[in-house]
């Protein structure tokens, strides 16, 4: 039976919002949420709720939930845990049906927290409420058509360009990793558009957020950090449905005995060994990564190529050693370094120095300037576009060569290349930020070293195969222990 997709529009694109516990001080939870709404450029109606009343961040507040008129699409709770149950009841009385509860103090907080959690679940069931959280850092959704952020995370992600379909969504069972992902997205210019801190997930789990975001045209790929799953069959059904149209990349925490104990303490996860997680991800159509570093590499790669790339890869280098290392990593990632087509070989042999290596990898030699780089890339574009799925370019900058003209030539060619390009630069790079930005503007993802570039290409190459398997419904099932079935 198809898995129903909850309408989570009130949590990602509400037209009106109340902040219960709003304040003026940005270092308070209520002040942080108000500040982030403003920084996000939220254009809807905002009702701060604070017993003292008065203006808060330019909005006129009300002194009680009962005074919210008319009711709002979403109420965000940032008050003491012991006051939340009463506030939820007041919100229900006022006709507010969707609540985002940020504070902890529920199932994770001992006997009193468990009792409070049961009260919350009972009240929600009786009054027909949907709750996100509690014990979470909030939700960010920077759709250019309707930007929204209800969070006390310290910064907002860059978002994707207006009209682009390559936005990234990060759904995390760790608020700290959500913060880290936003920081890295800003530092690396990743098109991170949506960030969800799942928290205790009394109603909305990873799969609920994934199902809704997976249908958004502005989202090109979804990235997950997962420690525990309540219902692995529903999770599998959702991920397979999403993976049939866009990649789902996941980092599962707790894959070792020690990590598993830590995950159990954090989210109540049931221990699963690495092999079980691998089988489960394969059955879900998930591109699995085993580290945060690889998850960030996947974000870089799929943020540029949301549908992934094939395995046939050409390495174009001006240095032998980095070319060898890149070839090793490419092979370990399952990429296919097929020989150069004859027409391309003939052109390169005629025009490159005799010492150059005309193979795959190509070695243009250390003193290669823009003429050699452009010769090789143009030859690949003209005679190898049908033979390769991607070109990995390696650019080492020796003292005798000015890198700027090489970058300018490659950036110009990249805009017309039928072959997807990835580029890494190594060595002392005095104008690194400028060179990287120039290539990124031309649509070429940039990497600090050749191994990361090859890893990114390997991750991209895994998705098309998984998508075909999902579409053909030939993925295996797998036994995966979760909290519901343990």
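The values are calculated or read from the model by the stated rules, or taken from the named source; none is laboratory data. These numbers were taken from a predicted model, which means no experiment stands behind them. Please note: Cβ atoms are built from the backbone with ideal geometry, for glycine as well, and neighbour counts cover all protein chains shown.
So, in the range 114-126, of the ones that are crowded, with 18+ Cβ neighbours inside 10 Å and under 32 Å from the mean Cα position of the chain (by Cα), which residue ends up nearest to residue 14 (Cα to Cα)?
Step by step, filter the range 114-126, then rank; the result is 124.
Starting from residues that are surrounded by 24 or more Cβ atoms within 10 Å (Cβ to Cβ) and closer than 15 Å to residue 11 by Cα, keep the ones in the range 179-203 and report whichever is farthest from the chain's Cα centre (by Cα).
Applying the filter and picking the extreme gives 199.
Of these, 406, 391, which one is part of a helix (DSSP H, G or I), buried (at least 17 other Cβ atoms within 10 Å of the Cβ), at pLDDT 95 or above and outside the structural domain of residue 294 (by TED's automatic domain parsing)?
Going through 406, 391 in turn, the sole match is 406.
Do you know which residues across the range 29-64 are assigned to a loop (DSSP other than H, G, I, E, B) and over 17 Å from residue 156 (Cα atoms)?
44, 50, 51, 52, 53, 54, 57, 58, 61, 63, 64, listed by residue number.
Would a scan of the range 117-140 turn up a residue that is out of contact with any helix residue (DSSP H, G or I) (no Cβ under 6 Å at 6 or more places or on another chain), outside any helix (DSSP H, G or I) and more than 20 Å from residue 81 (Cβ to Cβ)?
Checked the range 117-140: at least one residue is out of contact with any helix residue (DSSP H, G or I) (no Cβ under 6 Å at 6 or more places or on another chain), outside any helix (DSSP H, G or I) and more than 20 Å from residue 81 (Cβ to Cβ).
How many residues are over 11 Å from residue 218 (Cβ atoms) and either in contact (Cβ under 8 Å) with a residue 40 or more places away in the chain or crowded, with 22+ Cβ neighbours inside 10 Å (or both) when one looks only at the range 127-146?
Counting residues in the range 127-146 that are over 11 Å from residue 218 (Cβ atoms) and either in contact (Cβ under 8 Å) with a residue 40 or more places away in the chain or crowded, with 22+ Cβ neighbours inside 10 Å (or both) gives 12.
Looking at this structure, is residue 165 in a loop (DSSP other than H, G, I, E, B) and assigned by TED's automatic domain parsing to the domain that holds residue 276?
Against the criterion (in a loop (DSSP other than H, G, I, E, B) and assigned by TED's automatic domain parsing to the domain that holds residue 276), residue 165 qualifies.
Output yes when any residue across the range 70-78 is over 27 Å from the mean Cα position of the chain (by Cα), more than 24 Å from residue 197 (Cβ to Cβ) and modelled with pLDDT of 95 or more, and no when none is.
Within the range 70-78 (the criterion being over 27 Å from the mean Cα position of the chain (by Cα), more than 24 Å from residue 197 (Cβ to Cβ) and modelled with pLDDT of 95 or more), the answer is yes, since at least one residue qualifies.
Determine which member of the set 163, 220 is within 16 Å of residue 306 (Cα to Cα) and touching a helix residue (DSSP H, G or I) at 6+ places or on another chain (Cβ under 9 Å).
Answer to the selection: 220.
From (1) under 20 Å from residue 391 (Cβ atoms); (2) crowded, with 21+ Cβ neighbours inside 10 Å; (3) under 21 Å from the mean Cα position of the chain (by Cα), pick out the condition that doesn't hold for residue 448.
It fails just one condition, (2).
Would you call residue 343 in a loop (DSSP other than H, G, I, E, B) and farther than 27 Å from residue 305 by Cα? Steps first, answer last, please.
On the way: in a loop (DSSP other than H, G, I, E, B): no; farther than 27 Å from residue 305 by Cα: yes.
Against the criterion (in a loop (DSSP other than H, G, I, E, B) and farther than 27 Å from residue 305 by Cα), residue 343 does not qualify.
Of the conditions (1) over 30 Å from residue 158 (Cα atoms); (2) modelled with pLDDT under 95; (3) surrounded by 14 or more Cβ atoms within 10 Å (Cβ to Cβ), residue 1 satisfies every one except a single condition; which number is it?
Here residue 1 clears every test but (3).
Output the number of residues of the range 86-105 satisfying the condition of being buried (at least 23 other Cβ atoms within 10 Å of the Cβ) and either at pLDDT below 95 or in a helix (DSSP H, G or I) (or both).
Final tally of qualifying residues: 2.
Taking the stated definitions as given, is residue 423 touching a residue at least 60 places away in the same chain (Cβ under 8 Å) and surrounded by 22 or more Cβ atoms within 10 Å (Cβ to Cβ)? Let's see the steps before the verdict.
Working: touching a residue at least 60 places away in the same chain (Cβ under 8 Å): no; surrounded by 22 or more Cβ atoms within 10 Å (Cβ to Cβ): yes.
No; evaluated as a whole, the condition is false for this residue.
Could you run through the range 4-34 and say how many residues are modelled with pLDDT of 95 or more and surrounded by fewer than 20 Cβ atoms within 10 Å (Cβ to Cβ)?
Within the range 4-34, residues that are modelled with pLDDT of 95 or more and surrounded by fewer than 20 Cβ atoms within 10 Å (Cβ to Cβ) number 4.
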